[in-house]
Every structure is written in structure tokens, then in C-alpha cells.
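Each reported figure results from applying straightforward, stated rules to the coordinates on display, with no laboratory input. These figures come from a predicted structure and were not determined experimentally. Ideal geometry is used to build each Cβ from the backbone, glycine not excepted, and the neighbour counts take in all protein chains shown.
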Amino acid sequence: MWDYSEKLKEHFFHPRNVGEIANPSGVGEVGSLACGDALTLYIKVNDKGVIEEARFKTFGCGSAIASASALTEIIKGKTVEEAEKLTNQDIADYLGGIPPEKMHCSVMGREALESALANFRGVKAPVQEGTIVCKCFGVTDVEIRRVVRENHLTSVEEVTNYTKAGGGCGQCKPAIEKLIAGVIAEEADARKAAPQKRLTNIQKMKLVEEALEREIRPALLMDGGGIELVDVEGNRVTVALRGTCAHCPGSDATLGNYVEKKLRELVDPDIVLVEAPK
Amino acid sequence: MSVVYLDNNATSAVAPEVLEAMLPFLTGRYGNPSSMHSFGGDVARDIRRAREQVAALLGADPDEVIFTSCGTESDSTAIHSALECNPSKRHIVTSRVEHPAVRSVCKWLASKGFGLTELSVNPQGMLDMAEMEQAIRPDTAVVSVMYANNETGVIFPVARIAELCRERGVLFHTDAVQAVGKLPIDMKRNAFDMLSLSGHKLHAPKGVGALIVRKGTKFTPFLQGGHQERGRRAGTENVASIVGLGLACELAQRWIEDEKTRVPRLRDRLEKELMARIPDCRLNGHPTERLPNTTNISFEFVEGEAILLLLNEAGVCASSGSACTSGSLEPSHVLRAMGVPFTFAHGSIRLSLSRYNSDADVDCVIEKLPGIIQRLRAISPFSRDRMPSPAMLSPEHSH
């Protein structure tokens, strides 16, 4: 049985805004009976560009119905521009989380909204573009790349949870893997192009002192040892070992394998640790 | 809240008599039946008795009974043994609607280079005997076909298939997990070489099963180790559960009349009333060639998991073949193999009864389910007047 949150269950048992709107400003129809869930979203937009009313009809499981109910509650009263920024994670968060295997319900909600907004504007919804990667569930490359980017997905299994792609015959799994690798590579390139702002010496000193206090000293203390910060120059951090550590034959290992590693993880990956002359 | 339990094909209540018979082996009589002292050795007598009880229910010889840990182990053992004992034959015949305990093993073996023929079923879930005859080849090592289907309850002509296999010199195994205790089964009158059963489907506890291997059938053990089960299944015996399974089989024999008369009457009334009260539904599976306790009904335009959640809220335990409950993203392989239309496949509900169900249980479902379906149909974008467009029936329209 699925581990549904109380809020999700409440929205399933008492869905809000079920029904249709007689003269809607926009209608979004996504999903299919073949795939086991479908959602029709109706929106009414007033002359100020605010979504006055939102209604839905859903064919689907508990979390599909709850996601649609949540979606209508979230977008009511929002401007079209505000609604456009909604992500599937917003729907999941509103419901107090959705089991990973059911995240595709939140994605369907977001797609219905996009489709209704596109219909309101008289344009084609963006996710209908691209080429179909998963034939069993009709999922396109554009769609897969987007969920990977927005939700920081790293595995085919996650992509299946979010889009169903790969959940049928499984033949498209290698293609999904390639798409994920592509997005991750793009993001890495983007990071390289815009390097992180460098820390000033004072900021770095503070962070090092914090890391020593919070993580490293308590660990060394367990063996009766201690450590003191002597100096920070650029990425060169000089420390002095105290207590049992000062005379311990394994102190080199402690510094290299533990302290330096920890500081690289918590402060800066380029840190070089030096022991102050005794 | 008391629960109306109509999910007996998933698992069943441990009979109170069974629990009582098991308790001494979980308390004072904890000895190992292989021990040389009488404290342990005496327990071997209780296992022997359980073996006789299981054999008696199936018209088998006690020596033909091998205790296992579950139906899945029995199935795996049977199929692997058949292949191991016939190294020159590398082909398996099975059906498209087998339980994963057989289906996954066969698919895995196919990926390792064995030939696999999966027989199709017709819209009522029945096998085609002509297709079966054609499927058996000179290099077929084993035919494995279930006695009765767990989802629809449809009974297969296993007696005829077993005869055919004997004529052709091919081993026949049947996964009878759903049939044992619900239908009279006689190994003497049938040519089954191997038969799997599971304790928890017939009011014994989970974690015990048996594989019946006809005398003279070549056999290789699946679990290697000690000499237990005369070297055919290593591992210290799950004594309490084996004793429980033995008594459960004896009780099943006593209750078989109830299974043949009262249980199907309850099932038929439940089915008839639901189908009369709820529009746009269909029965999945052959109406008569099926287990006396099972009904599988699809409700159009609604989804199975949503039905189950509302039934659960009403205190009713059932199951569904919908995608959202199958653990995969597609509806049950059984319903798909039967060609059940998509408008129905996602909205299937299985109700499976046992001797512990009453008229009141059936009344409760008859009272609650129509409202639940109505409630979900009010949310659904589809209805009889608003059929999904052909495009909505294709996955291409998904997004």
C-alpha cells in the first residue's frame, strides 16, 4: 500500500473544485485512458489576468485525483504569469509530499496547467514538441529533459517515476540514460562557464574555524586529541595538533585522510592542509 | 472497525485450529527433527503426520511431498529441476497469464538462452488446446501451466494438458497455489508430474509451501545442503508451519463441501447484485470455468486504486489489476493477455472469498460499492455519453 500523506488522502477523499466550467478561458487535456490516468483542467481568467476559477475532472488513482485537487487550489487567485511559474514540485509540496513512484501525478497536473494556459493564449503547449522516446507511454525527449533538469534526477528509475517513460517494455531505457547524461553534462558545462564567487580570506577563516569546532574537534576529542587553527593563506590552511594527536604516530594520516578531506568537503575543494612546525 | 476481508487469493486467515496445533512447536517442543535425542527426534513424527495430511488432500503418496518455504520456491524448484534433469532439452512451454513466480523464472531462463513459448488466452481467459499441442516440441523439457488463475479464478484444463504431456514424454508442472483447498485435486487420477502449493492461501501461515513430485520423476534439489526432505530440499524444517500446513490440508478436506456450495453461492450473489446495481461493468474471465470463490469485475471510466482506497475506508479489503496497484505502470498482464479494453482494464476489482465469509460481508460490499463507483465517475472526465476520443485511448496522446 502506498504511504500517502494525510493531506494527500484528505484531498483524495474530499477533492476540491471537481467539475467543468461552462465557458472556460482555457482547457487543458492530458494523459490517456490507455496509460491509466487522464486529467482535464478548466480555467476562467478575468480581465485583470487573474485565474478566478479552476475546475477539474480526473480519471486516475488516489494521488492523481489529489494532485488535480491541489493544483486547482494553488492556481486559484494567481495571475496567469504567476501560474506559469508553477512546477510539479509545488504540487507535491502542497500535498505534503507524494511517494516517489507517484511523482508522475504531479507532473501530469503541471502539464494540464501548461496546456490550459496555452489554450487560453491560443498557442501550442510546449511539451507537445519533441520526438517520442517512450512509445508505451508517449513521452517525448523535451519532456524527459525538462523533468531531469527541474527535479535534478539522476537515474532512469526516477525518470520513470516522474514521467512513466521506461515503465512499459523498457526498450527506451538506454535512450533515457543518454538524455540524463546529456542534461548532467550541460549543467556541468554551465557551472564551469560561471565559476563560483571566491571566498575572501576572512570568510574562509570563519568557515574553517566553524568546521573545526562543529565536526573535527569532537571527532578528535574521542581519542583524547585536539586541533588548533594557526593560519589561513589563500587555500593553505595551517593547523597544530594538540593532546594525544600531537605525539601520535598516525597523525599524518589523521591530517591527510580526515581533517583535510573534511575541510575540502565543508569549505573549499582546493584546500591544502599544512601542519605547523612543532 | 471490523474488516470485511475479501482478498483471500492474496492471503487467508490462519485457521484457529491451525494456530493451536503450531504453538507447541514454537514453545516447548523446539527440537530439531534431525537430532539423535528423542526431544528432537520425536518432532520428526509430527512432520511425518503433516506429510500424510498434505498427501491425503491431493491423493498423493506421502513420499511425494516435499516441504518448501512458499509457493514461489516450489515453482522455481520444479522448473529448474525439470531443466537440470533433461539437459538435452532446452525449451519451456507456459502461459501468458502465469503468476510471476513462474513467469519471471521462465523469462529469466529465456534470457539465458532457453526457448520459451508463452501460450495466449482468449477473451475469457481460456487456453487453446490446439495451440498447446502445437507448442510442444521434441526439445520441450517442461510444460508449466497454472491450475487456476489468481486474478480471474479461471481454471485451466490441466488434466488434459497433463495427459498430452505424458503422451509426448514431456514433464508437466502445475502451479496449483490458488486451487488447493478450493477444488478437489487427485494426483492418482491425473498425470501431473509436479504440483506446487502454498500454505497461506489455505489458512496455514505464510512461509510454508510444498512441491508434490510424482514417484519416478527425475528430480534435482534447488537448495543444496543437509539431508532434510530425503535430500530433496535442504534446510532445517520449519516445523511449526509444516505442522500447520498439514492440519490446514486436513481441514480443507473437511470444508471442501462448503467451498463447493456455500462459498460460490455467496460469490454468485455478490457478483449478480453488483453487476445489476452498477452500470457499465463487465465480468473478467469465464463465467463458469473458474474457482468458486473468485470474481473479477471491471468498472468502466474509473481507476482501480481509487476504488480500493474508498473500499478500504469502508472497511472492505479487495485488490485490483490496475496499473497503480500492480507495482508496474501497466495494468495486469492477465487482463492485457485477455484483451480487456483499456477503458475497463484499469478499473478492475478482484473479490475473493473464503469459508470465513458470511452473507453480511457480501451485503456490506453490495451496499457500499455502487456509491463508490458513482462517486469516482462523478470525478472522471469519461462516461458512457462522453467516451474518450480514439486519440485518448492511445499512449501517444499521453502528454
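Observations on the model:
- Region A:201-275 - share of DSSP beta bridges that are antiparallel (%, nearest 5): 65 percent
- By the count of neighbouring beta-carbon atoms within 10 Å, fewest first, A:TRP2, B:TRP255 end up ordered A:TRP2, B:TRP255.
- Close amide H pairs (under 5 Å, H built 1.01 Å from N) link A:THR79 with A:ILE51, residues at least 5 positions away or on another chain.
- In the elastic network of chain B, a GNM with C-alpha springs shorter than 10 Å, the most mobile of B:THR152, B:THR77, B:THR174 is B:THR77.
- Alpha-carbon Rg/Rh ratio, for region B:35-168, with Rh computed the Kirkwood way: 1.05
- Whole-Å semi-axes of region A:6-126's equivalent ellipsoid (Cα gyration tensor): 21, 15, 13
- Partner chain coverage, peptide B:305-318 - average Cβ within 10 angstrom: 3
- Overall form of region B:187-339 per C-alpha gyration tensor (a/c, 1.5; a/b vs b/c): prolate
- Built amide H within the under 5 Å cut-off of A:VAL133, gap 5+: A:VAL139, A:THR140, A:ASP141
- Residue among B:PRO184, B:PRO157, B:PRO341 with the largest mean-square fluctuation in a Gaussian network model of chain B, springs linking Cα atoms under 10 Å: B:PRO341
- One decimal place: the segment A:GLU186-A:ARG214 gains 6.6 nm when fully extended, by the rule 0.36 nm per residue minus the C-alpha distance.
- Volume per residue that the Cα convex hull of the protein assembly as shown spans, once the total is divided by residue count, Å³: 232 Å³
- Comparing mean-square fluctuations of B:HIS80, B:HIS203, B:HIS37 from a GNM of chain B with C-alpha springs under 10 Å, the top value falls on B:HIS37.
- Beta bridges by DSSP in the protein assembly as shown, antiparallel share as percent, to the nearest 5: 65 percent
- Region B:162-269: relative contact order in percent, alpha carbon pairs under 8 Å with at least 6 residues between: 23 percent
- Across chain B, Cα-Cα pairs farther apart than 31 Å form 41% of the total.
- Shape metrics for region B:261-397, restricted to C-alpha atoms - Rg then Dmax, Å: 14.8, 48
- Against chain B, whose longest principal axis comes from its Cα atoms, helix B:359-379 is set at around 50 degrees.
- Chain B: angle of helix B:239-260 to the longest principal axis, Cα-based, in degrees nearest 10: 50 degrees
- Compactness check for region A:61-154: Cα Rg over 2.2 N^0.38 Å is 1.07.
- Computed [θ] at 222 nm, deg cm²/dmol, chain A (DSSP H ≥ 4; -39,500 (n - 2.57); rounded to nearest 500): -12500 deg cm²/dmol
- Sequence-ordered 3J(HN,Hα) estimates for region B:131-142 from the Karplus curve with 6.51, -1.76 and 1.60 and θ = phi - 60° stand at 5, 4, 4, 6, 6, 6, 10, x, 9, 6, 8, 8 Hz, glycine and proline given as x.
- Helix B:16-26 vs. chain B, principal-axis angle (Cα, 0 to 90°, nearest 10): 40 degrees
- Mean Cα-pair separation over length for region B:16-256, i.e. relative contact order, pairs under 8 Å, 6 or more apart, %: 28 percent
- The phi torsions of region A:171-178, fed into the Karplus equation with coefficients 6.51, -1.76 and 1.60 and a -60° offset, translate into couplings of 5, 8, 4, x, 5, 5, 4, 5 Hz, rounded to whole numbers, with Gly and Pro shown as x.
- Shielding of peptide A:156-168 by partners, expressed as the average count of other chain Cβ atoms within 10 Å per residue Cβ, is 2.
- Residue-wise HN-Hα couplings along region A:86-93, as the Karplus relation 6.51 cos²θ - 1.76 cosθ + 1.60 with θ = phi - 60° gives them from phi, are 4, 10, 5, 5, 4, 5, 4, 4 Hz; Gly and Pro carry x.
- Between region B:185-244 and region A:199-278, the alpha-carbon center distance in angstrom: 63 Å
- For B:SER380, the residues whose modelled amide H falls within less than 5 Å of its own, excluding neighbours fewer than 5 places apart on the same chain, are A:THR58.
- Fraction of antiparallel bridges per DSSP, chain B only, in percent to nearest 5: 55 percent
- When only Cα pairs below 8 angstrom with a gap of at least 6 residues are kept, region A:105-194 shows a relative contact order of 22 percent.
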